[in-house]
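Here is the structure we will look at.
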Amino acid sequence: MTPDAVVFDLDGVITDTAHLHFLAWRAVAQEIGITFDENFNEQLKGISRMDSLQRILQHGGKAGAFSDKQRLALAGKKNDLYVRSLASLTQASLLPGIREVLAEIRAAKVKIGLASVSLNAPGIVQALGVHKAFDFCADASRIACSKPDPEIFLAACAGLKVRPESAIGIEDAAAGVEAINAAGMLSVGIGSGLEQAGLQLHSTRELTWKCLSDFWASRPVLIRN
Ligand code: BG6
Ligand code: MG
């Protein structure tokens, strides 16, 4: 027995853009006198652009210091920097094992989805040359709540026409794992500090179809179809 679908997060799972988000936010934050490190940045993973800005302002004690217009300008500046850094993305920017696991899942005739709250996701999957690997990519512009809300994962499952309980979700962020679990899917966490994930892996190198199908086979009897 296999899952009906595997749904991937993008930033930090398919490619290492999580670090590029960090660099762009750090530069914008510095301009307004706020500093933060990669540790704090963990809290921004999976969080939408405007929500990320709000968390950064709060972190710097400046939550009420900017008007809506100024906040939009700051978010726009971050996005310009981020998009500029994406120019370096090529097919070689896929994280280790991702190309192989996408091919293996396809060969097993299991559907593949994307659940990223990034408005830049369509351009990134094109640049990586993996746009055809996905049967459905949830549209971040139609999502009201970013992770840890399950909305984007539920939208991906709906677009793939699979029940969430029949699907696996893969994430590198704590908020993302929480979203997968809240959607009623089985969760795989890549990286450290993801204790809430049903399966924790150190790196995408370990992400093989064998690993995913063994995990599926070992899920608790109570949630079997
Ligand atoms: C998520 C990232 O995938 O997308 C977040 O983990 C980011 O860090 C969010 O803020 C929104 O991305 P974008 O490209 O729309 O600003
Ligand atoms: Mg991510």
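The values are calculated or read from the model by the stated rules, or taken from the named source; none is laboratory data. The shown structure was predicted, so the numbers you read here are calculated from the model rather than taken from an experiment. We place every Cβ from the backbone using ideal geometry, glycine too, and count neighbours over all the protein chains shown.
Consider Ser187 carefully, then state whether it is crowded, with 21+ Cβ neighbours inside 10 Å, at pLDDT below 95 and polar (S, T, N, Q). Answer is no for this residue. For region 42-59, filtered to residues that are part of a helix (DSSP H, G or I) and within 8 Å of ligand 1 (Cβ to nearest atom), the residue that is nearest to Asp172 (Cα to Cα) is Leu44. Of the residues screened, Lys77 is one that is surrounded by 13 or more Cβ atoms within 10 Å (Cβ to Cβ) and either among the basic types (Lys, Arg) or assigned to a loop (DSSP other than H, G, I, E, B) (or both).
Only a single criterion out of (1) part of a loop (DSSP other than H, G, I, E, B); (2) out of contact with any Gly (no Cβ under 6 Å at 6 or more places or on another chain); (3) buried (at least 17 other Cβ atoms within 10 Å of the Cβ); (4) β-branched (Val, Ile, Thr) is not satisfied by Thr35, namely (3). Taking region 45-69 as the range and being surrounded by 16 or more Cβ atoms within 10 Å (Cβ to Cβ) and either among the hydroxyl-bearing types (Ser, Thr, Tyr) or in contact with a His (Cβ under 7 Å, 6 or more places away or on another chain) (or both) as the test, the residues that pass are Ser48, Ser52.
Quick one: count up the residues across region 111-151 that are in a helix (DSSP H, G or I), farther than 27 Å from Lys210 by Cβ and among the aliphatic types (A, V, I, L, M).
The initial filter retains those residues of region 111-151 that are in a helix (DSSP H, G or I), namely 121-128, 131-133, 140-142, 151.
Now drop any that are not farther than 27 Å from Lys210 by Cβ, which leaves 121-124, 126-127, 140-142, 151.
If we keep only those that are among the aliphatic types (A, V, I, L, M) as well, we get 121, 124, 127, 140.
Number of matching residues: 4.
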